[in-house]
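Engineer: Okay, handing you the structure first.
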Amino acid sequence: MSGLGFMSADEIRSSMASRRTRVVLAADQKSISEISHSLSQAGPSICMLKTHVDGVVDFEYTRWMDEVIRPARDMGILIFEDRKFADIGHVSKIQMLGHQRIARWADIVTAHRISGPDVIDGIHSAWEEVGRKGSVLVLAQMSSSENLLDARYTEKTVASCKGMPGVCGFIGNGSNPRSIASLRDAVGSEKLILTPGINFDPNQSVMGQRYGHPTEAIRSGADAVIVGSGIIRSDSISSAAAQYANATMDDI
Ligand code: 5IU
(Lines give C-alpha, C1' and ligand atoms only; values in the text may rest on other atoms or scores of the structure.)
Protein backbone atom coordinates (compact mmCIF):
# COMPACT_ATOMS: atom_id res chain seq x y z
CA MET A 1 0.00 0.00 0.00
CA SER A 2 2.75 2.50 0.81
CA GLY A 3 4.23 4.28 -2.19
CA LEU A 4 7.39 5.03 -0.22
CA GLY A 5 7.80 1.48 1.00
CA PHE A 6 8.64 0.48 4.53
CA MET A 7 11.66 0.68 6.76
CA SER A 8 12.85 -2.93 6.90
CA ALA A 9 14.26 -4.95 9.79
CA ASP A 10 17.55 -5.13 7.87
CA GLU A 11 17.79 -1.34 7.57
CA ILE A 12 17.23 -1.07 11.33
CA ARG A 13 19.76 -3.84 12.02
CA SER A 14 22.43 -2.12 9.96
CA SER A 15 21.74 1.18 11.70
CA MET A 16 22.23 -0.59 15.05
CA ALA A 17 25.37 -2.38 13.84
CA SER A 18 26.96 0.88 12.73
CA ARG A 19 26.46 2.35 16.20
CA ARG A 20 27.95 -0.73 17.93
CA THR A 21 25.30 -0.85 20.63
CA ARG A 22 22.07 -2.75 21.14
CA VAL A 23 20.65 -0.41 23.75
CA VAL A 24 17.39 1.46 23.25
CA LEU A 25 17.06 4.29 25.77
CA ALA A 26 13.58 4.54 27.34
CA ALA A 27 13.55 8.28 28.08
CA ASP A 28 10.57 8.17 30.45
CA GLN A 29 10.92 11.75 31.59
CA LYS A 30 8.38 14.49 31.85
CA SER A 31 10.01 17.47 30.18
CA ILE A 32 11.67 18.18 26.86
CA SER A 33 14.83 19.42 28.55
CA GLU A 34 15.20 16.25 30.66
CA ILE A 35 14.82 14.03 27.59
CA SER A 36 17.21 16.21 25.61
CA HIS A 37 19.75 16.02 28.44
CA SER A 38 19.49 12.20 28.66
CA LEU A 39 19.92 11.96 24.91
CA SER A 40 23.03 14.10 24.95
CA GLN A 41 24.54 12.03 27.78
CA ALA A 42 23.54 8.54 26.60
CA GLY A 43 23.69 9.26 22.85
CA PRO A 44 27.03 7.58 22.07
CA SER A 45 25.87 4.34 23.72
CA ILE A 46 22.39 3.93 22.24
CA CYS A 47 20.95 2.95 18.87
CA MET A 48 17.38 4.21 19.42
CA LEU A 49 15.59 6.74 21.57
CA LYS A 50 12.25 5.47 22.88
CA THR A 51 9.72 8.10 23.89
CA HIS A 52 6.28 8.35 25.50
CA VAL A 53 5.35 11.71 24.05
CA ASP A 54 1.98 11.83 25.82
CA GLY A 55 3.90 11.96 29.13
CA VAL A 56 5.78 15.12 28.22
CA VAL A 57 4.06 17.90 30.19
CA ASP A 58 5.62 20.79 28.25
CA PHE A 59 5.27 19.26 24.80
CA GLU A 60 5.45 21.82 22.05
CA TYR A 61 6.11 20.64 18.51
CA THR A 62 8.84 23.09 17.47
CA ARG A 63 10.84 22.63 20.66
CA TRP A 64 10.42 18.87 20.48
CA MET A 65 11.81 18.84 16.94
CA ASP A 66 14.68 21.21 17.75
CA GLU A 67 15.74 19.80 21.11
CA VAL A 68 15.04 16.08 20.81
CA ILE A 69 14.43 14.92 17.26
CA ARG A 70 17.08 16.89 15.36
CA PRO A 71 19.92 16.04 17.78
CA ALA A 72 18.93 12.36 17.69
CA ARG A 73 18.87 12.34 13.90
CA ASP A 74 22.22 14.11 13.77
CA MET A 75 23.69 11.27 15.85
CA GLY A 76 22.11 8.59 13.61
CA ILE A 77 19.76 7.47 16.39
CA LEU A 78 16.34 6.14 15.35
CA ILE A 79 13.28 7.56 17.11
CA PHE A 80 10.87 5.06 18.55
CA GLU A 81 7.54 6.30 19.94
CA ASP A 82 6.14 3.62 22.22
CA ARG A 83 2.53 4.67 21.60
CA LYS A 84 1.07 1.14 21.70
CA PHE A 85 -1.63 1.88 19.15
CA ALA A 86 -4.56 -0.45 19.68
CA ASP A 87 -7.61 1.09 18.01
CA ILE A 88 -9.08 0.45 14.56
CA GLY A 89 -6.87 1.36 11.60
CA HIS A 90 -8.54 4.68 10.82
CA VAL A 91 -8.28 5.97 14.39
CA SER A 92 -4.65 4.92 14.64
CA LYS A 93 -4.02 6.98 11.51
CA ILE A 94 -5.71 10.01 13.10
CA GLN A 95 -3.64 9.54 16.26
CA MET A 96 -0.41 9.34 14.23
CA LEU A 97 -1.34 12.66 12.60
CA GLY A 98 -2.75 14.31 15.76
CA HIS A 99 -1.41 17.26 17.73
CA GLN A 100 1.86 15.53 18.59
CA ARG A 101 2.41 14.77 14.87
CA ILE A 102 4.02 11.42 15.62
CA ALA A 103 4.15 10.53 11.91
CA ARG A 104 6.47 13.47 11.28
CA TRP A 105 9.21 12.36 13.63
CA ALA A 106 8.87 8.72 14.72
CA ASP A 107 10.73 6.08 12.68
CA ILE A 108 9.23 3.21 14.64
CA VAL A 109 6.03 2.91 16.70
CA THR A 110 4.53 0.08 18.75
CA ALA A 111 1.09 -1.44 18.23
CA HIS A 112 -1.03 -4.12 19.84
CA ARG A 113 -2.43 -6.83 17.56
CA ILE A 114 -5.66 -6.96 19.59
CA SER A 115 -7.89 -4.86 17.26
CA GLY A 116 -6.87 -6.59 14.01
CA PRO A 117 -4.14 -6.23 11.38
CA ASP A 118 -5.60 -3.00 9.94
CA VAL A 119 -3.92 -1.03 12.72
CA ILE A 120 -0.66 -1.58 10.77
CA ASP A 121 -2.16 -0.15 7.56
CA GLY A 122 -3.58 2.86 9.44
CA ILE A 123 -0.16 3.68 10.87
CA HIS A 124 1.60 3.38 7.51
CA SER A 125 -1.02 5.43 5.76
CA ALA A 126 -0.20 8.28 8.19
CA TRP A 127 3.53 8.05 7.37
CA GLU A 128 2.66 8.03 3.68
CA GLU A 129 0.54 11.16 4.10
CA VAL A 130 3.50 13.10 5.49
CA GLY A 131 5.96 11.69 2.94
CA ARG A 132 7.92 9.54 5.36
CA LYS A 133 8.44 5.84 5.91
CA GLY A 134 8.74 3.91 9.15
CA SER A 135 7.93 0.58 10.71
CA VAL A 136 5.85 -1.03 13.42
CA LEU A 137 6.92 -3.23 16.33
CA VAL A 138 4.05 -5.42 17.47
CA LEU A 139 3.66 -6.39 21.12
CA ALA A 140 3.99 -10.18 21.31
CA GLN A 141 4.82 -10.38 25.03
CA MET A 142 5.05 -7.89 27.91
CA SER A 143 7.40 -7.60 30.88
CA SER A 144 4.75 -6.60 33.41
CA SER A 145 3.42 -9.12 35.94
CA GLU A 146 0.08 -10.82 35.25
CA ASN A 147 -0.33 -9.40 31.76
CA LEU A 148 -2.86 -11.12 29.50
CA LEU A 149 -0.55 -11.75 26.54
CA ASP A 150 -0.38 -15.51 27.08
CA ALA A 151 1.46 -18.07 24.94
CA ARG A 152 -1.48 -18.54 22.59
CA TYR A 153 -1.84 -14.79 22.07
CA THR A 154 1.90 -14.55 21.37
CA GLU A 155 1.71 -17.39 18.86
CA LYS A 156 -1.26 -15.92 16.99
CA THR A 157 0.28 -12.46 16.97
CA VAL A 158 3.59 -13.65 15.56
CA ALA A 159 1.98 -15.98 13.00
CA SER A 160 -0.23 -13.22 11.66
CA CYS A 161 2.35 -10.41 11.64
CA LYS A 162 5.73 -11.90 10.82
CA GLY A 163 5.02 -11.88 7.09
CA MET A 164 3.85 -8.26 7.03
CA PRO A 165 6.28 -5.89 5.28
CA GLY A 166 5.11 -2.99 7.48
CA VAL A 167 6.14 -4.84 10.64
CA CYS A 168 9.87 -4.83 11.44
CA GLY A 169 9.54 -7.00 14.50
CA PHE A 170 8.14 -7.71 17.94
CA ILE A 171 8.39 -6.64 21.53
CA GLY A 172 9.25 -9.55 23.85
CA ASN A 173 9.55 -10.03 27.59
CA GLY A 174 13.14 -9.18 28.49
CA SER A 175 12.76 -10.32 32.09
CA ASN A 176 12.68 -13.98 31.09
CA PRO A 177 15.37 -15.51 28.81
CA ARG A 178 13.18 -18.56 28.12
CA SER A 179 10.34 -16.37 26.89
CA ILE A 180 12.75 -14.58 24.56
CA ALA A 181 14.15 -17.85 23.22
CA SER A 182 10.70 -19.25 22.50
CA LEU A 183 9.67 -15.99 20.86
CA ARG A 184 12.77 -16.16 18.66
CA ASP A 185 11.84 -19.72 17.62
CA ALA A 186 8.40 -18.53 16.56
CA VAL A 187 9.61 -15.34 14.85
CA GLY A 188 12.51 -16.84 12.87
CA SER A 189 15.55 -14.80 11.94
CA GLU A 190 14.17 -12.06 9.69
CA LYS A 191 12.24 -9.84 12.08
CA LEU A 192 13.55 -7.99 15.10
CA ILE A 193 12.91 -8.72 18.76
CA LEU A 194 13.30 -5.85 21.23
CA THR A 195 12.95 -6.52 24.93
CA PRO A 196 12.03 -4.16 27.78
CA GLY A 197 12.24 -5.35 31.38
CA ILE A 198 16.03 -5.02 31.50
CA ASN A 199 18.15 -3.89 34.45
CA PHE A 200 21.44 -5.04 35.98
CA ASP A 201 19.63 -5.04 39.32
CA PRO A 202 16.34 -7.03 39.35
CA ASN A 203 15.44 -5.47 42.72
CA GLN A 204 14.95 -2.07 41.09
CA SER A 205 11.56 -3.10 39.70
CA VAL A 206 8.46 -1.18 40.78
CA MET A 207 4.74 -1.50 40.03
CA GLY A 208 4.78 -5.01 38.63
CA GLN A 209 7.73 -4.52 36.29
CA ARG A 210 10.09 -7.52 36.07
CA TYR A 211 13.76 -7.37 35.09
CA GLY A 212 16.29 -9.59 33.38
CA HIS A 213 19.97 -9.06 32.50
CA PRO A 214 20.90 -7.41 29.17
CA THR A 215 23.52 -10.00 28.19
CA GLU A 216 21.10 -12.87 28.85
CA ALA A 217 18.45 -11.16 26.73
CA ILE A 218 20.78 -10.77 23.75
CA ARG A 219 22.07 -14.34 24.11
CA SER A 220 18.48 -15.60 24.18
CA GLY A 221 17.70 -13.98 20.84
CA ALA A 222 16.88 -10.30 21.37
CA ASP A 223 18.29 -7.86 18.79
CA ALA A 224 18.22 -4.99 21.27
CA VAL A 225 17.28 -4.28 24.87
CA ILE A 226 15.14 -1.39 26.09
CA VAL A 227 16.49 0.25 29.24
CA GLY A 228 14.89 3.13 31.15
CA SER A 229 15.45 3.40 34.91
CA GLY A 230 18.77 1.52 34.78
CA ILE A 231 20.17 4.47 32.83
CA ILE A 232 18.09 7.57 33.53
CA ARG A 233 17.88 7.02 37.30
CA SER A 234 21.61 6.41 37.68
CA ASP A 235 24.08 8.99 39.00
CA SER A 236 25.85 9.14 35.66
CA ILE A 237 23.63 8.65 32.62
CA SER A 238 26.61 8.50 30.27
CA SER A 239 28.54 5.83 32.16
CA ALA A 240 25.45 3.73 32.89
CA ALA A 241 24.51 3.83 29.20
CA ALA A 242 28.04 2.75 28.28
CA GLN A 243 27.88 -0.15 30.74
CA TYR A 244 24.58 -1.38 29.30
CA ALA A 245 25.98 -0.99 25.77
CA ASN A 246 29.02 -3.10 26.69
CA ALA A 247 26.77 -5.76 28.20
CA THR A 248 24.97 -6.06 24.85
CA MET A 249 28.12 -6.25 22.71
CA ASP A 250 30.91 -7.93 24.72
CA ASP A 251 31.64 -11.61 24.07
CA ILE A 252 28.17 -12.40 22.82
N1 5IU B 1 7.74 -1.33 28.40
C2 5IU B 1 7.92 -2.24 29.40
N3 5IU B 1 7.38 -3.50 29.30
C4 5IU B 1 6.64 -3.88 28.23
C5 5IU B 1 6.46 -2.92 27.19
C6 5IU B 1 7.02 -1.68 27.30
O7 5IU B 1 8.59 -1.97 30.40
O8 5IU B 1 6.19 -5.02 28.19
I9 5IU B 1 5.40 -3.43 25.59
C10 5IU B 1 8.31 0.01 28.45
C11 5IU B 1 7.90 0.86 29.60
C12 5IU B 1 9.10 1.76 29.79
C13 5IU B 1 10.27 0.89 29.41
O14 5IU B 1 9.03 2.83 28.86
O15 5IU B 1 9.75 -0.07 28.49
C16 5IU B 1 10.95 0.18 30.55
O17 5IU B 1 11.44 1.08 31.51
P18 5IU B 1 12.33 0.64 32.79
O19 5IU B 1 13.64 0.10 32.22
O20 5IU B 1 12.47 1.91 33.56
O21 5IU B 1 11.57 -0.41 33.54
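Engineer: Starting at 0 and stepping by 10 Å, how many percent of the alpha carbon pairs of the range 114-154 end up in each bin?
Structural biologist: For the range 114-154, the pair-distance distribution reads 24, 39, 25, 11.
Engineer: Counting only pairs 8 or more residues apart or on different chains, how many lysine pairs in the chain have their Cα atoms under 24 Å apart?
Structural biologist: Here the count comes out as 20.
Engineer: When Lys and Arg each count +1 and Asp and Glu each count -1, what net charge do the other residues less than 14 Å away from residue 34, Cβ to Cβ, add up to? The partial results should precede the final answer.
Structural biologist: Details: positive: 30, 63, 233; negative: 28, 58, 67.
So the environment of residue 34 carries a net charge of 0.
Engineer: Order these peptides, 148-158, 14-24, by their mean beta-carbon neighbour count within 10 angstrom, highest first. Mind dumping the intermediate values first?
Structural biologist: Values: 148-158: 14.8, 14-24: 18.9.
Going from most to least packed, we get 14-24, 148-158.
Engineer: Shifting gears a bit: Within the accessible area of the range 9-247, what % is carbon and sulfur when the probe is 1.4 Å and the other protein chains stay in place?
Structural biologist: The computed percentage sits at 49.
Engineer: Kirkwood Rh, the range 184-228, all Cα pairs: how many Å? Working shown, then result.
Structural biologist: Details: mean 1/r = 0.0898 Å⁻¹.
Hydrodynamic radius (Kirkwood, Cα pairs) of the range 184-228 is 11.1 Å.
Engineer: Within 10 Å, count the other beta carbons around each residue, average over each peptide in 194-205, 40-51, and list them highest first.
Structural biologist: Working: 194-205: 19.8, 40-51: 22.9.
Highest mean packing first, the order is 40-51, 194-205.
Engineer: Further question: Give the share of C-alpha pairs in each 10 angstrom bin for the chain, from 0 to the last occupied bin, in whole percents, shortest bins first.
Structural biologist: In whole percents, the pair-distance histogram is 8, 34, 39, 19, 1.
Engineer: Right, next: How much net charge surrounds residue 84 when only the other residues with a Cβ under 14 Å from the Cβ of residue 84 are counted, with Lys and Arg +1 and Asp and Glu -1? Don't skip to the answer; put the middle values down first.
Structural biologist: Values: positive: 50, 83, 113; negative: 28, 54, 81, 82, 87.
Residues near residue 84 contribute -2 overall.
Engineer: For every helix of n ≥ 4 consecutive DSSP H residues, a contribution of -39,500 (n - 2.57) applies; sum these over the chain, divide by its total residues, and give [θ] at 222 nm rounded to the nearest 500 deg cm²/dmol.
Structural biologist: Working: 12 runs with 101 residues, N = 252.
After summing the helix terms and dividing by residue count, I get -11000 deg cm²/dmol.
The values are calculated or read from the model by the stated rules, or taken from the named source; none is laboratory data. If you're wondering where the values come from, they're calculated on a predicted model, not measured in any experiment. Virtual Cβ from ideal backbone geometry, glycine too; neighbours counted across all protein chains shown. For the accessible areas, the whole protein counts, side chains as well, though only heavy atoms, and no ligand, DNA or RNA atoms are used. Shrake-Rupley method; radii C 1.70, N 1.55, O 1.52, S 1.80 Å.
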